């Protein structure tokens, strides 16, 4: 453990300013395809660029997309004085996952990763990144993980919660096998990777419905991972739920435990209580922390929440830069914690979750 490493920010979103940035890393066929078919960009619709919560005002520089310049992100995340981080994990949400053409999606994911390595990881040794994969073909996604597993800057595999099928289903297992073999956790972030509606009951009419309902997809994916036996098959695997909120977790664990007692014959491979499995294998980022904003209410709420979730070891600090919808509650959480608990959330839990995270610092 490196005592020089302080705060680790586990969720920072870097962006592609123009799709042409990826052309040097794409096979000529696909670069030409983008030009000839008028594909001007794949910025995700999950965060509409003009909505205030999509980006902090200071991250919008010179008309460029927020968080598309490594120098700006460096200054706002790593060199931000007492609020800055010593390491930051980049989770790029450029929308290659919904592409229907499997060959194009695979090529775009690979190009995006090579672009991250060249433009971002090489720009500052304090950046780390997640491997973006195209989940349309999990075996080819596993190949991409294996290709980059030895790179010291890549510390996680990134999947999106809006998948075509539940992420616990066995079709996805090659991804988990490759991640576990490489010692990399799998991060799951809100976003669209399939043709299903974002809500369990269908398509919403407004953005606020979709945004507020994102947690429902996370709960469904976590339930799938546990009940399908992913953690029994890959006992070394850790899953990080990013930007999902956290206060919904105790009630889900309680319900899973209760129903497991009566229905466990359906899932004989889950030999421990689901809550025990979740505490062992799942971590969550603190942003956005969906607890009370009021200080007095937070002071009363947080001890109950931590007691119910069972361990502060499950929480990883995240700024969620440049997204802008949470700053107050995270500070309330950190203010409530003891010095030892704050150190865990800000640093030690990430070191335990990302076993390769210091390799980049030494490289």
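Key figures for this structure:
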quantity: Among the residues listed as 254, 260, 324, 269, the single one being assigned to a loop (DSSP other than H, G, I, E, B) and farther than 22 Å from residue 158 by Cβ; calculated: 269
quantity: In segment 19-52, the residues that are over 26 Å from residue 157 (Cβ atoms) and either in a loop (DSSP other than H, G, I, E, B) or touching a strand residue (DSSP E or B) at 6+ places or on another chain (Cβ under 6 Å) (or both); calculated: 37, 38, 40, 48, 49, 50, 51
quantity: All positions within segment 93-124 that are touching a strand residue (DSSP E or B) at 6+ places or on another chain (Cβ under 8 Å), part of a loop (DSSP other than H, G, I, E, B) and over 17 Å from residue 35 (Cα atoms); calculated: 93, 94, 95, 97, 98
quantity: Residue list for segment 153-169, filter: farther than 19 Å from residue 242 by Cβ and at pLDDT 95 or above; calculated: 169
quantity: Looking only at segment 221-233, and only at residues there that are without any contact (Cβ under 8 Å) to a residue 60 or more places away in the chain and over 15 Å from residue 260 (Cα atoms), the one that is surrounded by the most Cβ atoms within 10 Å (Cβ to Cβ); calculated: 231
quantity: Helices (runs of 4 or more DSSP H) contained entirely in segment 178-244, each with at least 2 residues that are within 14 Å of the chain's Cα centre (by Cα) and over 19 Å from residue 138 (Cα atoms); calculated: 214-227
quantity: Filter result for the condition that a residue is over 22 Å from residue 285 (Cβ atoms) and in contact with a helix residue (DSSP H, G or I) (Cβ under 7 Å, 6 or more places away or on another chain), over 171, 129, 181, 161; calculated: 171
quantity: Residues located in segment 30-52, provided they are in contact (Cβ under 8 Å) with a residue 60 or more places away in the chain and either under 18 Å from the mean Cα position of the chain (by Cα) or under 21 Å from residue 108 (Cβ atoms) (or both); calculated: 30, 33, 42, 44, 45, 46, 47
quantity: Residue identified as in contact (Cβ under 8 Å) with a residue 24 or more places away in the chain, surrounded by fewer than 21 Cβ atoms within 10 Å (Cβ to Cβ), more than 26 Å from residue 14 (Cα to Cα) and under 21 Å from the mean Cα position of the chain (by Cα) among 252, 302; calculated: 252
quantity: Search result, residues across segment 325-335 that are surrounded by 18 or more Cβ atoms within 10 Å (Cβ to Cβ) and either touching a helix residue (DSSP H, G or I) at 6+ places or on another chain (Cβ under 8 Å) or at pLDDT 90 or above (or both); calculated: 329, 332, 333
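The values are calculated or read from the model by the stated rules, or taken from the named source; none is laboratory data. Quantities reported herein were computed from a predicted structural model and do not represent experimental measurements. Note that we place each Cβ from the backbone using ideal geometry, even for glycine, and neighbour counts take in every protein chain shown.
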